1. Computed FRET efficiency, Cβ-Cβ of residue 495 and residue 411, R0 51 Å: what is it to the nearest 0.05?
2. On full extension of the chain, what length is gained from residue 326 through residue 391, given 0.36 nm per residue of separation minus the C-alpha to C-alpha distance?
3. How high is the FRET efficiency between residue 49 and residue 185 when r is their beta carbon distance and R₀ equals 56 Å, given to the nearest 0.05?
4. Starting at the first residue of the stretch 10-25, write each ³J(HN,Hα) from the Karplus equation 6.51 cos²θ - 1.76 cosθ + 1.60 with θ = phi - 60°, in whole Hz, x for Gly and Pro.
5. Quick one: which residues, 5+ away or cross-chain, put their amide H under 5 Å from the amide H of residue 308? H built at 1.01 Å from N.
6. Residues of the stretch 409-453 with backbone nitrogen within less than 11 Å of a virtual label 7 Å along the Cα-to-Cβ line of residue 486, please, listed as ranges.
7. Roll a 1.4 angstrom probe over the protein heavy atoms and tell me the percent of accessible area of the stretch 144-291 that is carbon or sulfur.
8. I want to check the label-to-label distance for residue 310 and residue 22. Put each point 7 Å from Cα in the C-beta direction and report it in nm to one decimal.
Amino acid sequence: ALRSRSGRSIINGNWAIDRPGRYEGGGTMFTYKRPNEISSTAGESFLADGPTNEVLDVYMIHQQPNPGIHYEYIIPGDNVISPQLLAHRRPGEPLNGQLGMPENTDQEDEDLHRETDSLTGQSAGTFPVIQPGRFPSHQPENQVPAVQPPRQNREHNWKQVGKTECTTTCGKGSQYPVFHCVNRITHEEVSESYCDSSTKPIPEEEACNLFPCPAFWDIGEWSECSKTCGLGMQHRQILCRQMYANRTLTVQQYRCQHLEKPETTSTCQLKICSEWQIRTEWTSCSVPCGVGQRTRDVKCVSNLGDVVDDEECNMKLRPNDIENCDMGPCAKSWFLTEWSDRCSAECGDGVRTRSVVCMTNHVSSLPLEGCGNNRPSETTPCNNGPCAGKVEWFAGGWTQCSAECGSGTQQREVVCVRKTEGNFDVLNPYECSYLEKPPSQQSCYLKPCGSKWFHTEWSTCSKSCEGGFRVREVRCLSDDMTASTQCDPQLKPGEKEPCNTQDCVPEIDENCKDKYYNCNVVVQARLCVYTYYKTACCASCTRVANRQPGFLGRR
């Protein structure tokens, strides 16, 4: 991700991943590239021509070991070369970090061959040939030139006859001088056995072809298509690069202006998008009258005609596959059952019943919009003949439920009667003992009580006099006797209360009396601690003890 120091996100900000493309920020335009992770192992990158006008921060998040960041940048230079640098540099060495141009020299100008005495094996020294316009080698002032040994007559010596071929045609290569054994007089090459091998100069590497290679366009891979189907866009990076010293460097794009720049964007189409197809017509409405629903089959079909997942098509363009349908108002009429076969009375007058309900008629379209107020009768009279002294149990009405909520009981009176014309005679219950007696009591349940407070009995008082307390446990229970939190806290019974608040009365012992008239002196002298005086002045000593806490007379 790329963000400015002011906190403005440029690429992949706010934990959202942007598509590859061009994004403006920091005073320049960044080209963001994210190769396909399946077909490419290259990482994400972004490139800007610059220059930037503010500090930008690069952020990276990774779930595997840190893959690292590779970066390149260009620092503008003025390409100024000082004579001092030229004096100190070795042949073929770059100047001030810039690419040095080769000097126009021929074989004679570079006559730096070393003549070695074939007899003594000592070096005869190096004699550079200095041309006008070239800088002499720098000799430190405090260094005395070495005294060259006197030349001796020798027939053969080592001579530089050329150089190896440069390793590159441009962009700084390397080559080495070639030494052969030659006749000192005729300079004719002879076998190396005529020269002393120990005095053969060691070839030193020299730079060659220092001029830069032509710049070229480095074409990156295409990014993913911006759309999974249909026409989309894809991007790629185009960099102007140059080779130098076996390294490829990114340079300013004007260096590639002699070449036609490849396209950085292109249209792409992975496949033709799937489309919605309506496979069936609407079904009939789900109801014969009123408002119902109807459906049809809608499928996502690929360009090959295959049915694919709905996600392959644009869900925003999906046709409806279900809709409401209005079949008009429904006609209503009274629906009746047949009369019951059994009369309510085994003898005398009774009734037969049937069920009557107002329902929608789905069969015929009646001209009625409602059942109206003329509700058919649900009962009709019946008579199974006169009653002739028949004995039966007669049950009265039920009493009210014993509990306003929760489980309770209710009773009714059941008597044995003989039914005659227009009258009932109450008989002894044993007259109906052969008949099944209706129940005289039943359980009843009017409504749930909800949660209620339950409590235990009070405990024994903690003291028998002068105020103690007793406790009990209080719980909130629901109808099924499980713990609940729905009870009203204001109605909660007390869990603790005072008890036995009356004063304590000492026990009176008829045998405890003062035997002397001056027992008050015994009390004042504090002699009640002795057994004799406690017995002789029992009443006085007991009164004193009663005024002290913890006396034995209290319980």
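The values are calculated or read from the model by the stated rules, or taken from the named source; none is laboratory data. Bear in mind that the values here come from a model prediction, so they are computed numbers and not experimental data. Virtual Cβ from ideal backbone geometry, glycine too; neighbours counted across all protein chains shown. Surface areas here come from the heavy atoms of the whole protein model, side chains and all, with no ligands, DNA or RNA. Shrake-Rupley method; radii C 1.70, N 1.55, O 1.52, S 1.80 Å.
1. Numbers: r = 37 Å, r/R0 = 0.73.
So the FRET efficiency works out to roughly 0.85.
2. Numbers: separation 65, 0.36 × 65 = 23.40 nm, distance 6.27 nm.
Between residue 326 and residue 391, full extension yields an extra 17.1 nm.
3. Details: r = 65 Å, r/R0 = 1.15.
The computed FRET efficiency comes out at 0.30.
4. Here the 3J(HN,Hα) series is 10, 10, 6, x, 6, 6, 10, 8, 8, 6, x, x, 10, 9, 8, x Hz.
5. 300, 301, 302
6. Answer for the stretch 409-453: 448-452.
7. On the way: 4890 of 9520 Å².
It is 51 percent, rounded to a whole number.
8. Once both label points are built, they end up 4.1 nm from each other.
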